[in-house]
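Here's the structure we're looking at; comments come further down.
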Amino acid sequence: MENFLTKRYYLNSNNMMDDIVDSLGDCLVQAAYLVLKSKYGLRRDDYKAFLNETTVKLIVDSNNDLISFETVENMFDREVFSINSNSQTNQNTVETVSSVLKTGDIPAIATIIERFPFSAFYDINYKLNIRRTGHVFIIVGEDEENFFYVDNPSVISYKQYVAYEKNRGIGIISKKFFYEATKDYCDVLTFKFNKNVIDYYTKHPQEALINSKDNYFKNEVYYGNFIEYFGRNALIKLIELFETENLRFDALAPSEDRDMITYFNWKLWNIKGRRNLQRYYLEQNNNNNALKLIKSLKESIKHWDLLYKILYKDYLQGAVIMGKKYIPVIENVIAVEGELHEALVKYLSLEI
């Protein structure tokens, strides 16, 4: 257990965000990666198993209401890891977590995160005994009175954060408080990794690039009352939704656990992360054929980041409608995404 307390998680040796972890986006995937890294030790190329395609996906219903805006998620399709869930541990959560730690494993906690003051999701007014926000964090150790936990710095409220004195990337929470916060709802998760699958994808990292290329012009998919748009078509559909001016910054997001601006911030961060991890892979590969593609990925990241910053700045200044004002920014995103696709096609023609 003490060994886990000496590890680095979200922060590198310079106390900066670890590029790979930050690029993974989904908190569950981040937790799995950190467990793999800390419990088993990462081989140099294992991160390649976590490469995702860059394809954007947008879903609307028959009323043209936004249902989802995200990237295509390859990780769960690949089955790099499986999840064992100790469901509804609730009043037994403290004992369950201690039991998992004693086996030498690292548990992930899926609970009512709004009850934890250290979290940016903390909401003193949230009184329901059901989970609202789909967020998880991990616990890496314990003593008689406390648990030692790790969460993404971007969702930590540092005014309420008590750091472990020997490793500031690890927080401390009393077992007494933890019991009160989890007694009504908690699932304790552990991860099992498929070494054969990890080995396969570390040897075939370009599958993520191929999927990015193939799905950029993918046709929409109809199922039930929903329509899925991909790649370029998803961005065109996003413009259409902004043209209606029916999206509000303060409206409940499709995820039903946050407002729309927080939802878009999250999804734009994921979109940038997908591209950033591909950039990292290509730079590590040190291949001259990839120079144009790396440049295009950086340009794509820059324009997605610009959309993020403009939306968030306007929200902070009191804007209400996510509307036509932002269409030129999205049109610029479409332009650089088209250039990215061309660079991807060229790169793959040289490499495959």
When restricted to Lys298, Lys325, Lys313, the only residue surrounded by fewer than 17 Cβ atoms within 10 Å (Cβ to Cβ), in contact (Cβ under 8 Å) with a residue 12 or more places away in the chain and not β-branched (Val, Ile, Thr) is Lys298
So which residues in the stretch 110-162 are outside any helix (DSSP H, G or I), over 17 Å from the mean Cα position of the chain (by Cα) and among the polar types (S, T, N, Q)? Thr111, Asn125, Asn129, Asn146, Ser157
Over the stretch 342-352, the set of residues buried (at least 19 other Cβ atoms within 10 Å of the Cβ) and not small (Gly, Ala, Ser) is Leu344, Tyr347
Return only the number of the condition from (1) in a loop (DSSP other than H, G, I, E, B); (2) free of Cβ contacts under 8 Å to residues at least 12 places away in the same chain that Glu73 does not satisfy. (2)
Determine if the stretch 110-119 includes at least one residue that is hydroxyl-bearing (Ser, Thr, Tyr) and without any contact (Cβ under 8 Å) to a residue 60 or more places away in the chain. yes
Over the stretch 322-352, the set of residues under 20 Å from Glu245 (Cβ atoms) and among the β-branched types (Val, Ile, Thr) is Ile327, Val329, Ile330, Val333, Ile334
Do you know which of the residues in the stretch 120-157 that are aromatic (Phe, Trp, Tyr) and in contact (Cβ under 8 Å) with a residue 24 or more places away in the chain is nearest to Phe177 (Cα to Cα)? Phe147
Under 19 Å from the mean Cα position of the chain (by Cα), of a type in the set (A, V, I, L, M) and farther than 15 Å from Lys213 by Cα - does that describe any residue in the stretch 285-305? yes
So is Leu36 within 18 Å of the chain's Cα centre (by Cα) and either within 30 Å of Asn233 (Cα to Cα) or not basic (Lys, Arg) (or both) or not? yes
Being part of a helix (DSSP H, G or I), more than 30 Å from Leu340 (Cα to Cα) and at pLDDT below 90 is true for just one of Asn15, Asn3. Which residue is that? Asn3
Take the stretch 301-344 and flag every residue that is farther than 26 Å from Asp19 by Cα and among the hydroxyl-bearing types (Ser, Thr, Tyr). Tyr315, Tyr326
Taking interchain pairs and intrachain pairs at least six residues apart, which have beta carbon atoms under 6 angstrom, with the first residue in the stretch 88-101 and not assigned by TED's automatic domain parsing to the domain that holds Glu180 and the second of a type in the set (Phe, Trp, Tyr) and surrounded by fewer than 18 Cβ atoms within 10 Å (Cβ to Cβ)? none
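When you check Ala49 against the structure, is it under 30 Å from Ile261 (Cα atoms), assigned to a helix (DSSP H, G or I) and not charged (D, E, K, R), yes or no? Don't jump to the end; show me each part of the working.
On the way: under 30 Å from Ile261 (Cα atoms): no; assigned to a helix (DSSP H, G or I): yes; not charged (D, E, K, R): yes.
Taking the combined requirement at face value, the residue does not satisfy it.
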Single residue of the stretch 257-309 satisfying the filter (of a type in the set (Asp, Glu) and in contact with a helix residue (DSSP H, G or I) (Cβ under 8 Å, 6 or more places away or on another chain)) that is nearest to Tyr122 (Cα to Cα): Asp305
Applying the selection to the stretch 227-263, what residues are in contact (Cβ under 8 Å) with a residue 40 or more places away in the chain, in a strand (DSSP E or B) and either in contact with a Ser or Thr (Cβ under 7 Å, 6 or more places away or on another chain) or surrounded by fewer than 14 Cβ atoms within 10 Å (Cβ to Cβ) (or both)? Phe230
Can you go through Ser212, Ser174 and tell me which one is surrounded by 14 or more Cβ atoms within 10 Å (Cβ to Cβ), modelled with pLDDT of 95 or more and either under 23 Å from Leu340 (Cα atoms) or not β-branched (Val, Ile, Thr) (or both)? Ser212
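The values are calculated or read from the model by the stated rules, or taken from the named source; none is laboratory data. Just so we're clear, the structure is a prediction, and the values are computed from it rather than from any experiment. All Cβ positions, even for glycine, are placed from backbone atoms using ideal geometry, and neighbour counts span all protein chains on display.
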